[in-house]
Amino acid sequence: MTPERADRLQTLIWSVLGIAMLWLLFLLSPILSPFLLAAILAYICAPLVARLEKVGMPRILGVLAAMLLFAATLALLVLILLPLLHQEGQQLAARIPDALTLANEELRPWLWDRFGITLNLDPASLSKLLSGDSTQLIAEKLFQSLKIGGIALFGIIANLLLAPVVMFYLLCDWHELLDRISSAIPRPWHAKTLSIVRNIDAVLAEFLRGQILVMLLLAGYYSLGLWFIGASFALPVGVTTGLLVFVPYLGFATGLFLALMVAFLQFAGMEPVLGVLAVYGVGQVLEGFVLTPWLVGKRIGLHPLAVIFALLAFGQLFGFFGVLLALPVSAALLVGLREVRGLYLASRFYLGEDGR
């Protein structure tokens with residue numbers, strides 16, 4: 001066998017193995033979620049662990065310190081959110097009779113005039129509705145839903161418990177894992193591959209810094225905006241909304257729901273509700289068209305229009321997770337496109353037949 005044919009055969013074998021590995025990853029995708037989540041969190045926390053190791057802290061203690069700091073941040077967010085939900089629940093329970101009375105006075109005449117529907121909302125009729133056969137039917141439906149959703153809930157809890165364990169081992173063996181990956185790269189491609197990876201790492205670091213800045217600015221904006229319109233719990237709702245904006249749509253929807261609940265429970269007319277809608281409408285425009293394009297896109301080298309296009313395109317192709325990963329993936333692709341552009345500008349096709 002000639003060397004050329006041997007090289008082609010070897011390339012074919014490695015290509016088939018690569019495709020088989022990708023197919024295996026696709027088949028195992030349902031159980032890879034905690035590993036992917038742990039890898040992302042380990043990548044975020046790795047620089048902090050490295051700094052703690054440089055100042056003399058043993059690596060295992062640095063890993064534990066970084067994980068505790070991350071857990072404390074999540075716990076702080078929960079501590080901000082839970083009292084708000086508890087107080088809103090108490091207010092809602094205390095004001096249900098007033099809300100039913102208001103609904104009877106305003107909603108019942110409108111339903112009768114428009115649709116001929118008679119609706120009597122009062123505590124007595126509500127108790128009657130929730131008793132007897134209707135209660136049994138609702139309980140049966142709820143139990144069936146819990147049985148179906150219980151398996152999914154168990155899977156979510158198992159993933160949440162597994163992710164910290166995987167994250168701990170990844171951070172402890174971070175350098176060894178990177179060295180093994182580096183040693184597996186073919187030698188002719190080694191230097192160029194490491195250069196591209198370093199560029200991608202630098203771009204992703206800029207993305208994280210920009211995203212954190214957007215979160216802090218939006219937390220301040222929503223807190224001040226809700227305080228200005230006189231909404232209760234302005235600080236916890238605003239901070240919660242700002243810190244959750246790294247999850248597209250979900251963070252904004254959660255903050256808007258909480259703010260609207262607060263506005264409705266104030267029973268001060270439609271002015272607080274309209275004020276909340278105005279604050280969150282301006283905030284969404286500010287995030288999507290000003291802060292994210294300029295503070296995130298500018299840091300990673302993407303034009304603001306490219307950022308907007310990436311968010312829309314990835315959302316259309318991959319849904320919610322596409323929006324979540326749009327900017328970091330675009331940043332990585334940008335580095336690859338720069339390399340392709342350099343090769344194109346140095347090619348004979350661009351320079352001409354004589355290479356000039």
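The values are calculated or read from the model by the stated rules, or taken from the named source; none is laboratory data. A quick note: this is a predicted structure, and the numbers were derived from the prediction, not measured. For neighbour counting, all protein chains shown are included, and Cβ atoms are generated from backbone atoms with ideal geometry for every residue, glycine included.
Structure summary
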| quantity | calculated |
| --- | --- |
| Residues of region 276-305 satisfying the condition of being small (Gly, Ala, Ser), at pLDDT below 75 and surrounded by fewer than 17 Cβ atoms within 10 Å (Cβ to Cβ) | Gly301 |
| Gly56, sole failed condition from (1) more than 28 Å from the chain's Cα centre (by Cα); (2) on the phi < 0 side of the Ramachandran plot | (2) |
| Condition met for Leu258 (in contact with a helix residue (DSSP H, G or I) (Cβ under 8 Å, 6 or more places away or on another chain), farther than 22 Å from Ser330 by Cα and either surrounded by fewer than 18 Cβ atoms within 10 Å (Cβ to Cβ) or modelled with pLDDT of 80 or more (or both)) | yes |
| First in region 231-244 and at positive phi, second anywhere and of a type in the set (Gly, Ala, Ser), Cβ under 9 Å, 6 or more apart | Phe233/Ala259 |
| When residues of region 320-342 are limited to those that are among the small types (Gly, Ala, Ser) and either touching a Gly at 6+ places or on another chain (Cβ under 7 Å) or within 20 Å of Glu206 (Cβ to Cβ) (or both), the one modelled with the lowest pLDDT | Gly322 |
| Residue in region 144-154 that is modelled with pLDDT of 60 or more and either surrounded by 10 or more Cβ atoms within 10 Å (Cβ to Cβ) or within 21 Å of Pro34 (Cβ to Cβ) (or both) present | yes |
| Test for Leu64: is it over 27 Å from Thr241 (Cβ atoms), modelled with pLDDT of 90 or more, surrounded by 15 or more Cβ atoms within 10 Å (Cβ to Cβ) and out of contact with any helix residue (DSSP H, G or I) (no Cβ under 6 Å at 6 or more places or on another chain) | yes |
| Helices (runs of 4 or more DSSP H) contained in region 176-279 and holding at least 3 residues over 27 Å from the mean Cα position of the chain (by Cα) | 187-228 |
| Matching option when the condition is more than 22 Å from Val78 (Cβ to Cβ), at pLDDT below 80 and buried (at least 18 other Cβ atoms within 10 Å of the Cβ), among Ala231, Ala268, Ala263 | Ala263 |
| Flag if Val214 is modelled with pLDDT under 85 and under 30 Å from Pro34 (Cβ atoms) | no |
| Candidates Leu170, Leu243 - the one that is surrounded by 14 or more Cβ atoms within 10 Å (Cβ to Cβ), closer than 22 Å to Trp294 by Cα and among the aliphatic types (A, V, I, L, M) | Leu243 |
